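In what follows, a structure is listed as structure tokens, so that the remarks can point back to it.
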């Protein structure tokens, strides 16, 4: 019997079609997304993920792309309503490697979303799916896909002329700062108006008169005060700079039930106008976030200026449970881009404390063999429990802080240690 006959008589199993593995599906989707013009990337991403995660619209913030960092695709009404401020808040809150599912307010309506952040570019990126239904899904495949897409987009930016990239980035950052600050100024004016209209001790005629006056003052400040504050070339005594902050906060809280306490700087050194302006904007943003809480009766604001670093502390006596930290996440991202920090500590039943740090120059690099030297005391406490395998809820209960505060600290820990996952951070802690 020849070799051919042996092969013919052998029992050959029926051929079965190969079933793509999850990894193969991710690779196929990635190839579909990155294969084509850059300006159509988001539409290709939407098509590639339509079955995996049904969505009405998808948007991205690619901070490495300064000329057009925000793009959206899908339902025209939703896509047009998504702003850079919405996405920047998520970029400052969602940790790379840990997709976030929750509810976000866009264009006056609440939408279920899935947000996936990536650190495969120096300044990060985030993609947000506005979902058709609010049901938990496994997002590991989307995380891997978005990491590949982010790395691809970053490579494209490196191929552009460096001078054009730097110029576009500077313009984009200035535009984002101005837009955010104008939005916060408008929110402050509206909060003051609501305080007047809700005050039971003011009759209707007086309330209307005061509301008109406040609205006119608010319009004037949008035209004048912002322009004056943004002149960064000069200096002013830190006490005078703090007085301007105090005046704006008094106007904000004058007609509401919240008492304002002020802790003025202990010296009158000169502070750069840009640092003072950034400090006022950051404090006002934190105060506005605090005012969204119930049972709030007191807010205390203090400044300390060392000559090179401004430290602002804002404390309240509220419930200590700001679960929606997206607004503060947006502020944290803006501060990070300007060599600043926001540290949040919310203790249920005791209130919220926000510490803002602004520097006149990048913090000097300290040569040390301890990779944990950059972490604060609270961050070390959180990292120790991460290394023990505890989850966010367990850490929050153990340290008597809110779960949202734990998430805030975890994001800071990963950034300071230059790692992407909780597991890597824990391994670094255990290796020391």
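Every listed requirement among (1) modelled with pLDDT of 80 or more; (2) not in a strand (DSSP E or B) is met by residue 302 save one, (2).
Per the listing 286, 238, the residue uniquely more than 15 Å from residue 304 (Cα to Cα) and at pLDDT 80 or above is 286.
Do we have residue 273 as farther than 30 Å from residue 397 by Cβ, more than 24 Å from the chain's Cα centre (by Cα) and at pLDDT below 80 here? Spelling it out, it is not the case that residue 273 is farther than 30 Å from residue 397 by Cβ, more than 24 Å from the chain's Cα centre (by Cα) and at pLDDT below 80.
Selection of the stretch 250-260 for residues being surrounded by fewer than 17 Cβ atoms within 10 Å (Cβ to Cβ) and modelled with pLDDT of 85 or more yields 250, 259, 260. Residue selection: residue 315 fails the criterion of being surrounded by fewer than 17 Cβ atoms within 10 Å (Cβ to Cβ) and not in a loop (DSSP other than H, G, I, E, B). Only one of the listed residues (247, 263, 294, 243) is touching a strand residue (DSSP E or B) at 6+ places or on another chain (Cβ under 6 Å), surrounded by fewer than 18 Cβ atoms within 10 Å (Cβ to Cβ) and more than 28 Å from residue 414 (Cβ to Cβ). That residue is 263. Scanning the stretch 403-432 for residues that are in contact with a strand residue (DSSP E or B) (Cβ under 7 Å, 6 or more places away or on another chain) and over 17 Å from residue 377 (Cα atoms) returns a single hit, 404. Scanning the stretch 126-148 for residues that are at pLDDT 85 or above and touching a strand residue (DSSP E or B) at 6+ places or on another chain (Cβ under 8 Å) yields a count of 10. Does residue 295 satisfy the criteria of being under 30 Å from residue 349 (Cβ atoms), out of contact with any helix residue (DSSP H, G or I) (no Cβ under 9 Å at 6 or more places or on another chain), assigned to a strand (DSSP E or B) and in the same structural domain as residue 351 (by TED's automatic domain parsing)? No: the conditions fail for residue 295. Of the residues contained in the stretch 360-367, none is found to be surrounded by fewer than 21 Cβ atoms within 10 Å (Cβ to Cβ), modelled with pLDDT of 85 or more and outside the structural domain of residue 104 (by TED's automatic domain parsing).
When residue 61 is tested against the conditions (1) loosely packed, with under 11 Cβ neighbours inside 10 Å; (2) at pLDDT 75 or above, the lone failure is (1). With respect to the stated conditions, residue 227 is at pLDDT below 65 and either assigned by TED's automatic domain parsing to the domain that holds residue 359 or farther than 30 Å from residue 62 by Cα (or both).
Out of 285, 276, one residue alone is more than 26 Å from residue 321 (Cα to Cα), in a helix (DSSP H, G or I), in contact (Cβ under 8 Å) with a residue 12 or more places away in the chain and in the same structural domain as residue 349 (by TED's automatic domain parsing). It is 276.
The values are calculated or read from the model by the stated rules, or taken from the named source; none is laboratory data. Being a predicted model, the structure only gives us computed values, none of them experimental. Counting neighbours? That spans all protein chains shown, and the Cβs are built from the backbone with ideal geometry, glycine included.
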